[in-house]
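Only one structure is covered here, and it is reproduced in the block below.
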Amino acid sequence: MTIFKEAGGGVRWPRPRAPRQPGLDARARCRPSAQVSGRFSSEPAIASTPPANAQLLLAEGSTSPPRSQEPGEREEAPGAMASPLPARNPTEVQMSQLVLPCHTNHRNELSTGQLLKWIDTAACLSAERHAGCPCVTASMDDIYFEHTISVGQVVNIKAKVNRAFNSSMEVGIQVSYEDLCSGKHCSICKAYATFVAQGPSGSKVRLKPLTPQTEEEKIEYSIAAERRRMRLAHKDTLKDLLTRSPRDTELETRDGSGAVPAEKTRVESVELVLPPHANHQGNTFGGQIMAWMENVATIAASRLCHAHPTLRAIEMFHFRGPSQVGDRLVLKAIVNNAFKNSMEVGVSAEAYGQEMCVSPRHINSAFMTFEVLDQEGRPRMLPMVAPEPGDGERRYREASARKKIRLDRKYVVSCKQTEVPLSVPWDQSNKVYLSYNNVSALKTLVAKTNWALAREKEKVRMYTLEEDKFLSFRIEMSVCIMASQAFSLLSNLRRRHEWDSHYASAELVQKVDDDDMIYHVVSRMHRQESKLQDFVILASRRKPCSKGDPYVVAFRSVTLPTHPPRAEYTRGETLCSGFCIWPESEEMSKVAYYNQATPGYLNYVTTNVAGLSSDICATFEACEKFLLKNKEDLISRLRDF
């Protein structure tokens, strides 16, 4: 039985299926019949039929939008009787599913295809709560499955809209399981899906903006723009990596074992789209298509290893077209490449009408990574794959490139900031992900709410944030300059020595693109030291994505083979630092500098925080003078900027 807990913890009772409405694109879902707001209840809401007073219960609670939190305002401590519970995200949807035998595979574990259907359903309901109209699944980011789920356990899915753009929105999904006997809870995966709102005849709908309330929501809202940027660059990243990779990829030799022809793993299956597979408009659910694709991919993987594989990851994929009730979906899968302990299976879905002689409509393509586990749960060694000439060899090479990209995304993008090394090697293949990590780390720091005012000197205010193993500081002031002008001046590190006495020089090593530059910086942090420090810094800059966003200039250390540590310098590193610039009016801007202090920088920061030095404040005052002096020179150039 499915239980939906929407934003206020109320229960959405099943409603009769609405009549079909023609003219909407595929995978458009029926939006929830009731939207409930109010207090969240953690008690289980399980019932087979609605009680007599169900309508009264559903009518309770406020339907007004949550009040925006004032700067510096903090939530009341839990249990405070005088204060109401903080407002919940109105787009949040919670689903709880008890895993039954009909949901499982041969190992009595929840089928991944079934889980994908539940994920897609919960995410769509969240998207439609915000849009107020049918939505279609446009894409799904990488999903890494950390654990399996057994019969009798409960799957808990929470979905909410992170950010709305023009006609698309990002929905964040968290999946965990609950063991009812032991009370144990464990995370399964985290996913991000993009949905598009559609009006009559498939027209796009302009979405209302979303206002984040909590610290977590503000972080997700801010970083959503970076994830969107990364999705758009995904194809170019793969193409660029393949262009620079050697054309001749030799087959791996593994203990003299022979390679299995890829053709032996090929699977083709057809599915007839019936009314239970579709929504009230007759369009196939995206989650159902994903489940069918997972099924044929599992069969292809089994034919290589002659065992029952476990799905570990699904690569970012996009829905490219619609399908309706009555369509024949032809699903094809083949093992593209087998590595030592894992294999990649490529799978596609094509739609035909009743006349299958006509050209098919391409619906979706996906790449899934499988492992085969032994009795101890460790990955087994897999046989090699011999690709087919032509397209098979192309897929073989692309699978190797995608493996590198997956590793880059998983260990650079998905890791917490504390888990990423200070200096990550930079190369062309991971440039998108390092840029993402650079900007998202700064945006995460900016969104923190527990900053404390440490010092105030005239117009300059200094704040500190003590969290985990890091001490961070923020220093800000209002400056009489346009935000775009300040952004242009502060994003050029070659001019920083004009206002920052710690900078001796900054050489532009590489222009990655218009928004990302790599500099070699020489500085002297402690004037009494005779030996200079040097840094290799990735500078990533971003203009506002929408109204209310700041201009961002983010810095982090990277390593380059062309600039190894040298004897005359002490190699320094920066983990997370940069500027955020908010327009306050046409002529005024708030300029803020953030820095997450590394061990070599910590003594300098604490001396300034304690008031034993005013060097940081003096440097920032010099920054203001630099901005005011140079803003006039930029007016003519900014017309073309």
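The values are calculated or read from the model by the stated rules, or taken from the named source; none is laboratory data. Bear in mind the structure is a predicted one, so any value in this text is a computation, not a measurement. Every residue, glycine as well, gets a Cβ built from its backbone with ideal geometry; the counts of neighbours run over all protein chains shown. For accessibility, only protein heavy atoms count, side chains too; no ligands or nucleic acids. Shrake-Rupley method; radii C 1.70, N 1.55, O 1.52, S 1.80 Å.
Annotations
- Cα gyration tensor category, rounded, prolate or oblate, for region 131-174 with a/c compared to 1.5: prolate
- Too-long pairs where the Cα-Cα distance tops 27 Å, listed order kept, from 218/457; 158/332; 457/625: 218/457; 158/332
- Annotation: amide H-H contacts under 5 Å for residue 138 (H modelled 1.01 Å from N, sequence separation of 5 or more, or interchain): 194, 195, 196.
- Annotation: extensible slack from residue 466 through residue 178 equals 100.4 nm (criterion: 0.36 nm per residue apart, minus Cα-Cα distance).
- Heavy-atom accessible area with a 1.4 Å probe sorts 350, 128, largest first, into 350, 128.
- Rounded to the nearest whole Hz, the Karplus-based 3J(HN,Hα) values (6.51 cos²θ - 1.76 cosθ + 1.60, θ = phi - 60°) of region 209-222 follow the sequence x, 10, 9, x, 10, 7, 4, 4, 5, 5, 5, 4, 4, 5, with x at glycine and proline.
- 3J(HN,Hα) couplings calculated from phi for region 303-318 with the Karplus curve 6.51 cos²θ - 1.76 cosθ + 1.60 (θ = phi - 60°) are, in sequence order, 5, 7, 9, 6, 7, 9, x, 10, 6, 9, 7, 10, 6, 3, 9, 10 Hz; Gly and Pro show x.
- Region 104-152 - percent of accessible surface contributed by carbon and sulfur, probe 1.4 Å: 45
- By a 1.4 Å probe calculation restricted to protein chains, residue 242 has an accessible surface near 30 Å², given to the nearest 10.
- For 318, 106, 130, 277, the ranking by accessible surface with the largest value first comes to 106, 318, 277, 130, using a 1.4 Å probe.
- With a cut-off of 13 Å on the backbone N, the residues of region 480-521 near the modelled label site 7 Å out from residue 587 along Cα-Cβ are 480-482.
- Other-chain or far-sequence residues with amide H under 5 Å of residue 327's (modelled H): 273
- Accessible surface computed residue by residue for region 86-215, with neighbouring protein chains in place and a 1.4 Å probe, gives 36 Å² per residue.
- Computed with every protein chain present, the accessible area of residue 208 is close to 120 Å² [probe 1.4 Å].
- For residue 509, the residues whose amide H sits under 5 Å from its own are 518, 519, 520, ignoring neighbours fewer than 5 places away on the same chain, with H placed 1.01 Å from N.
- When the listed pairs 160/403; 208/590; 404/431 are checked against a 21 Å cut-off, the alpha-carbon distance exceeds it for 160/403; 208/590.
- Residue separation of residue 448 and residue 107 scaled by 0.36 nm, minus their Cα-Cα distance, works out to 118.4 nm of gained length.
- Solvent accessible area, Å² - residue 369, 1.4 Å probe, full protein context: 20
- Whole-Å distance, taken between Cα centres, linking region 266-309 and region 357-387: 13
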